[in-house]
Amino acid sequence: MSPRQDRHMPHDHSDHEHAHALLPSDPALRVKALETILTRKGLVDPAALDEVIDTYENRVGPKNGADVVARAWSDEGFRAALAVDATEVMRELGYYGRQGEHIVCTECTPSVHHMVVCTLCSCYPWSLLGIPPGWYKSDAYRSRAVREPRKVLAEFGVALPPETSVRVWDSTAEIRYLVIPLRPAGTEGMSVEELAKLVTRDSMIGTGLARVPE
Amino acid sequence: MSRVHDMGGRFGDGPVIPEPEDAPVFHKDWHARALAVTLAAGALGKWNIDTSRHARECVGNTDYARFSYYEKWIAALTDLLVATDLVSRDDLRASNPDQQPLSDKAMTADKVAAVLGKGGPADRDSDIPARFVAGDTVLTRRPADNRLVDGGHTRLPAYAAGARGRVLMLHGSHVLPDSNAHGLGEAPEPLYAVVFPAAELWAAPEHPGDEVVLDLWQSYLEPA
């Protein structure tokens, strides 16, 4: 669609066009135009944008969450502290931060499997898992995870036994949920560092299981 | 109700397409720039997270449906920048405003770690006492509309309106998005995790033991 057509798109609730229709319709050009405008107006420092991107590409990601899970598997005292106040534990570990201001950990058991979604937008525990993958933000995941979690799990290759119920957490507030997956068999005696390598991002959202050691 | 963003339980969206664990964090460079420019503009302090969610919900149904994820972010950010007079429509048309010195409110690179590390906690002290305790049975209000602003922002999804659930836990008192999104104050009140049997929400639940939990503010709930 050309920018000109875009400008004349009707909208339901305003008497004039949306401001965003004034920018180029190609998304890459649109972002570039906005960044340029904000930079020229002195509102945005491009070096700060680079720093934000570097943070989420290289520093804040699922390794944080995997460390939490591996510690929870290894240390009863740590698990107990998570149950009392997981947010405080994150502060102590340095995993508190934006989109991780209020953390609750939900622990899978043989009888209950936990899974997290945000049906209204894309809320996700950034400080523990980083920026959400595309599928988490997709219409399909947002619409289906609450109604048919088992069909969604099947698309991830996960089949739960009939004796396991599914509890889906729809993140409608600022509480961010981290799933503690079941500890795989055959991991007795492994260190926290070795265990953390078995913890996948998807297992901490609840659309996957932890890896079984080879 | 209802807005296009309120997707829970909707049919017809096709399969979920998983991604490898090691897929890039940002699939395109402009995705990364869109996220970063949104955070940097938010750090100017002209709006809150509830305003910005509401702005994404208001990009227009046609645009919401056709835009990819970060296109929604950029559209909402543009609308917010104009609504708060940080950027004019003429700026957007020309894309070439005069160069001005960096505002002292702008987030500089050296402040990024502190800003992201501090986050924006939503818990507050509140004069409103908690009406429910864990184990109480509650009913969600119906329809799932904002009661302060007609057609306004709310965090009660339509699929959970008028449903009977059980309080799992009290999270403390949190900022009420229905108020905060519209500049009506933070109006903090008790927030609960409430669990609903799948059969309370869906005509054909997949499994009799399955449940859905939502975080719901006290004013969304009535005793059952």
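Read-outs throughout are calculated quantities, based only on the coordinates presented, and are distinct from any laboratory measurement. Please read these numbers as outputs of a predicted model, since none were measured by experiment. Every residue, glycine among them, receives a Cβ derived from its backbone with ideal geometry; neighbour counts consider all protein chains shown.
Which pairs break 19 Å Cα to Cα here: B:Lys46/B:Lys118; A:Lys137/B:Lys111; A:Lys41/B:Lys105; A:Lys41/B:Lys118; A:Lys32/B:Lys105? Please list the in-between numbers first.
On the way: B:Lys46/B:Lys118 17 Å; A:Lys137/B:Lys111 28 Å; A:Lys41/B:Lys105 12 Å; A:Lys41/B:Lys118 26 Å; A:Lys32/B:Lys105 22 Å.
The pairs that break the limit, which is 19 Å between Cα atoms, are A:Lys137/B:Lys111; A:Lys41/B:Lys118; A:Lys32/B:Lys105.
Working from the pairwise distances between different alpha carbons, so that the mean of 1/r is found and then inverted, what is region B:118-170's Kirkwood radius in Å?
By the Kirkwood definition, the hydrodynamic radius is 13.4 Å.
Magnitude of the charge dipole for chain A, about its Cα centre and with charges confined to Cβ atoms of Lys, Arg (+1) and Asp, Glu (-1), is about 480 debye.
Please average, across the residues of B:119-131, the number of beta carbons from any other chain that are within 10 Å of each residue's own beta carbon, and give a whole number.
That average works out to 2.
So which lysines pass the test for A:Lys197, namely a Cα distance under 23 Å, with those fewer than 8 places away in the same chain ruled out? Reachable lysines: A:Lys63. Restricting attention to region A:60-205, close to 10% of DSSP beta bridges with both partner residues there are antiparallel.
From the P(r) of region B:1-155, could you give the percentage of C-alpha pairs in the tail past 24 Å?
Values: 6259 of 11935 pairs.
I get 52 percent for the Cα pairs in region B:1-155 exceeding 24 Å.
Residue by residue along B:12-24, Cβ atoms of other protein chains within 10 Å of the local Cβ number 6 on average.
Here the Debye sum runs over all C-alpha atoms of the protein assembly as shown as equal scatterers in vacuum, and log10 of I(q)/I(0) at q = 0.14 Å⁻¹ comes out as -1.42. Considering only A:Ser127, A:Ser191, A:Ser203, the mean-square fluctuation computed in a Gaussian network model of chain A, springs between alpha carbons under 10 angstrom, is largest for A:Ser191. Counting Cβ atoms of other protein chains within 10 Å of each residue's Cβ and taking the mean over peptide B:203-211 gives 6.
Percent relative contact order of region B:29-118, based on C-alpha pairs within less than 8 angstrom and at least six residues apart? Let's see the in-between values first.
Details: 46 pairs, mean separation 31.1, N = 90.
This gives 35 percent for region B:29-118.
Treating each Cα of chain A as an identical point scatterer and summing with the Debye formula, the log10 of I(q)/I(0) at q = 0.11 Å⁻¹ comes to -0.66.
Can you list the equivalent-ellipsoid semi-axes of region B:29-118, largest first and in whole Å, using the square root of 5 times each Cα gyration tensor eigenvalue? Mind dumping the intermediate values first?
Values: eigenvalues 95, 61, 33 Å².
Semi-axes from the Cα gyration tensor: 22, 18, 13 Å.
So how do B:Met169, B:Met107 line up by other beta-carbon neighbours within 10 Å, fewest first? It would help to have the intermediate numbers written out before the result.
On the way: B:Met169 16, B:Met107 26.
Ordered by Cβ neighbours within 10 Å, fewest first: B:Met169, B:Met107.
How big is the antiparallel share of DSSP beta bridges in the protein assembly as shown, given as a percent to the nearest 5? Given both bridge residues lie in the protein assembly as shown, the antiparallel proportion sits at roughly 60 percent.
About its Cα centre, the protein assembly as shown has a charge dipole of approximately 600 debye under the convention of +1 per Lys or Arg Cβ and -1 per Asp or Glu Cβ, with nothing else charged. Could you work out the relative contact order of chain A? I mean the mean sequence separation of Cα pairs under 8 Å and 6+ apart, divided by the number of residues, in percent. The normalised contact order for chain A reaches 22 percent. Rounded to the nearest 500, the helix-only mean residue ellipticity at 222 nm of chain A stands at -11500 deg cm²/dmol, with each DSSP H run of n ≥ 4 adding -39,500 (n - 2.57). When both region B:46-116 and region A:52-100 are represented by their alpha-carbon centers, they are found 30 Å apart.
For region A:62-177, report the convex hull volume of the alpha-carbon atoms normalised per residue, in Å³, without decimals. Let's see the in-between values first.
Values: hull volume 12.6 nm³, N = 116.
It comes to 109 Å³ per residue, whole-number rounded.
By count of other Cβ within 10 Å, fewest leading, how are A:Val44, B:Val16, A:Val212 ordered? Please list the in-between numbers first.
Numbers: A:Val44 26, B:Val16 22, A:Val212 10.
The most exposed by this proxy come first: A:Val212, B:Val16, A:Val44.
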